[in-house]
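Peer 1: Below is a structure I'd like to ask you about.
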Amino acid sequence: MAPKSGSEGRRERGIAIFAVIWLSMLIAAVSVSVTRDTRLTVDIAVNERAEAQALARAEGALRWAALVLLAGARGQAPAETGFAGGAELRVDGTPLIWRFEGRDVRLSALAERGKLDLNTADPWLITGLAASLASDRSEQLATAILVARRRDGQSLAWRIGQRPIDQVADLARLAPVDHGLYRRLAPLVTVLSGLRAPDLAVAPEALFRALPLGEEERAYWRGRRGVAPVPVLRAQAETFTLTAETREGAEAPPVRLRALLRLAPAENRPIHLIRLERY
């Protein structure tokens, strides 16, 4: 074989050097990619663990609140509830701070009897609430709710023991209700109390302000609100909405849970969970 000329040797050496450089760059790129993927996987795992911890803490707070309510209804309120400042759990939606394992949980309880029942409330209360929350379309909103709870456009369904509006979410299907109005309205109404008027002693503050009450009536109920923080259920059942919000760290997104449950102190199964959801 004839020896290679000097130019050919230099060309081959150049190709070899280029191949080495290219291979080194490829290895470096793969290493960076693997490192980035590994870091991303670790971050995801850490975030998922933090979210799971926050979720478990929120669920624990809801269980504890249910037990506090049940104990109070049985006349056995615990001496120490764990709420900040020694506060007592109220059922008008007032938020409290419950501390567990060094983290805070924002917790609230709201009796369904304190909300306005869409099916059974007196029409003037429906009209008044609509005027307060949707002044630009109050008449359309009130009419839509009152029509939705009628049967064949005739008598009110609740008068014959039926419940035409099955859940609060049905409001979202009414023409006058957009997303913003629904978010304002939904926490104030229910389909579970069966009352013609909400119990203003435990009504959420937003509903108390929105209802068309006279000055004397408002002053009377204002004086009664917060007097009895824990309801006395004794032998009767009652439904509550409990909410819990917490986060694993200052930079972590909040975890929010909402539970709808029925308490029946006299029954063998005193706590019945109806619905649990993230919101």
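The values are calculated or read from the model by the stated rules, or taken from the named source; none is laboratory data. Given the structure is predicted, the values throughout are model-derived calculations rather than measurements. Here the Cβ is made from the backbone with ideal geometry for all residues, glycine too, and neighbour counts use every protein chain on show.
Peer 1: Which of the following residues is free of Cβ contacts under 8 Å to residues at least 40 places away in the same chain and under 25 Å from E205 (Cα atoms): G85, G93, G72, G114?
Peer 2: Details: G93 fails: free of Cβ contacts under 8 Å to residues at least 40 places away in the same chain; G72 fails: free of Cβ contacts under 8 Å to residues at least 40 places away in the same chain; G114 fails: free of Cβ contacts under 8 Å to residues at least 40 places away in the same chain.
Just one listed residue meets the conditions, G85.
Peer 1: Okay, next question. Whether any residue in region 255-274 is under 22 Å from A58 (Cα atoms), part of a loop (DSSP other than H, G, I, E, B) and not hydroxyl-bearing (S, T, Y) is what I want to check. Let's see the steps before the verdict.
Peer 2: Pass one, region 255-274, residues under 22 Å from A58 (Cα atoms): 255-263, 270-274.
Next, only the ones that are part of a loop (DSSP other than H, G, I, E, B) stay: 270.
From what is left, the residues that are not hydroxyl-bearing (S, T, Y) are 270.
Checked against the condition, which is being under 22 Å from A58 (Cα atoms), part of a loop (DSSP other than H, G, I, E, B) and not hydroxyl-bearing (S, T, Y), region 255-274 yields at least one hit.
Peer 1: Could you check how many residues of region 164-189 are closer than 22 Å to V91 by Cβ, β-branched (V, I, T) and either crowded, with 20+ Cβ neighbours inside 10 Å or at pLDDT 95 or above (or both)?
Peer 2: Selection size over region 164-189: 1.
Peer 1: Which numbered condition in (1) crowded, with 20+ Cβ neighbours inside 10 Å; (2) under 17 Å from the mean Cα position of the chain (by Cα); (3) in a helix (DSSP H, G or I) is the only one that E59 fails?
Peer 2: (1)
Peer 1: Between residues in region 189-217 that are on the phi > 0 side of the Ramachandran plot and residues that are not acidic (D, E), which pairs lie under 6 Å by C-beta distance while being six or more apart or on different chains?
Peer 2: G194/T120
Peer 1: Do we find that G249 is on the phi > 0 side of the Ramachandran plot and either in contact (Cβ under 8 Å) with a residue 60 or more places away in the chain or of a type in the set (A, V, I, L, M) (or both) in this structure? First the steps, then the outcome.
Peer 2: Numbers: on the phi > 0 side of the Ramachandran plot: no; either in contact (Cβ under 8 Å) with a residue 60 or more places away in the chain or of a type in the set (A, V, I, L, M) (or both): yes.
Against the criterion (on the phi > 0 side of the Ramachandran plot and either in contact (Cβ under 8 Å) with a residue 60 or more places away in the chain or of a type in the set (A, V, I, L, M) (or both)), G249 does not qualify.
Peer 1: Please name all residue pairs, on different chains or six or more residues apart, with Cβ atoms under 7 Å, provided the first residue is in region 264-279 and is among the small types (G, A, S) and the second residue is assigned to a loop (DSSP other than H, G, I, E, B) and surrounded by 12 or more Cβ atoms within 10 Å (Cβ to Cβ).
Peer 2: Close Cβ pairs (under 7 Å, with a partner that is assigned to a loop (DSSP other than H, G, I, E, B) and surrounded by 12 or more Cβ atoms within 10 Å (Cβ to Cβ)) amount to A264/A237; A264/P270.
Peer 1: What are the residue pairs meeting all of these: first residue in region 218-240, first residue closer than 19 Å to P95 by Cβ and charged (D, E, K, R), second residue at pLDDT 85 or above and surrounded by fewer than 17 Cβ atoms within 10 Å (Cβ to Cβ), Cβ atoms under 9 Å, and 6 or more apart or on different chains?
Peer 2: Note: pairs meeting the criteria are R225/E205.
Peer 1: Does R90 satisfy being at pLDDT 85 or above, part of a loop (DSSP other than H, G, I, E, B) and within 24 Å of the chain's Cα centre (by Cα)?
Peer 2: On the way: at pLDDT 85 or above: yes; part of a loop (DSSP other than H, G, I, E, B): yes; within 24 Å of the chain's Cα centre (by Cα): yes.
Yes; evaluated as a whole, the condition is true for this residue.
Peer 1: Being under 22 Å from the mean Cα position of the chain (by Cα) and more than 22 Å from L118 (Cβ to Cβ), is that true of even one residue in region 185-204?
Peer 2: Among the residues of region 185-204, not one is under 22 Å from the mean Cα position of the chain (by Cα) and more than 22 Å from L118 (Cβ to Cβ), which makes the answer no.
Peer 1: Within the group L192, L211, L207, which residue is within 23 Å of L70 (Cβ to Cβ) and modelled with pLDDT of 90 or more? I'd like the intermediate steps shown before the answer.
Peer 2: Values: L211 fails: within 23 Å of L70 (Cβ to Cβ); L207 fails: within 23 Å of L70 (Cβ to Cβ).
After ruling out the rest, the residue left standing is L192.
Peer 1: Within region 106-114, is there a residue that is in a strand (DSSP E or B), over 25 Å from R275 (Cβ atoms) and at pLDDT 85 or above?
Peer 2: Kept after step one, since they are in a strand (DSSP E or B), are these residues of region 106-114: 106-111.
Then keep just the ones that are over 25 Å from R275 (Cβ atoms); that gives none.
Within region 106-114, not a single residue is in a strand (DSSP E or B), over 25 Å from R275 (Cβ atoms) and at pLDDT 85 or above.
So that you can scan it fast, the table gives a plain yes or no per residue for (1) of a type in the set (F, W, Y); (2) crowded, with 19+ Cβ neighbours inside 10 Å; (3) in contact with a strand residue (DSSP E or B) (Cβ under 7 Å, 6 or more places away or on another chain):
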residue: V68; (1), (2), (3): no, yes, no
residue: G72; (1), (2), (3): no, yes, no
residue: Q76; (1), (2), (3): no, no, no
residue: F100; (1), (2), (3): yes, no, no
residue: S108; (1), (2), (3): no, yes, yes
residue: K115; (1), (2), (3): no, yes, yes
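Peer 1: Do we have any residue at all in region 46-56 that's in contact with a Leu (Cβ under 7 Å, 6 or more places away or on another chain), in a helix (DSSP H, G or I) and either at pLDDT 90 or above or not charged (D, E, K, R) (or both)? First the steps, then the outcome.
Peer 2: Going through region 46-56, the residues in contact with a Leu (Cβ under 7 Å, 6 or more places away or on another chain) turn out to be none.
No, region 46-56 contains no residue that is in contact with a Leu (Cβ under 7 Å, 6 or more places away or on another chain), in a helix (DSSP H, G or I) and either at pLDDT 90 or above or not charged (D, E, K, R) (or both).
Peer 1: Within region 122-139, work out how many residues are loosely packed, with under 15 Cβ neighbours inside 10 Å and either touching a residue at least 24 places away in the same chain (Cβ under 8 Å) or in a loop (DSSP other than H, G, I, E, B) (or both). Show your work before the answer.
Peer 2: To start, the set of residues in region 122-139 that are loosely packed, with under 15 Cβ neighbours inside 10 Å comprises 122-124, 135-136, 139.
Still in the list and also either touching a residue at least 24 places away in the same chain (Cβ under 8 Å) or in a loop (DSSP other than H, G, I, E, B) (or both): 122, 124, 135-136.
Looking only at that region, the number is 4.
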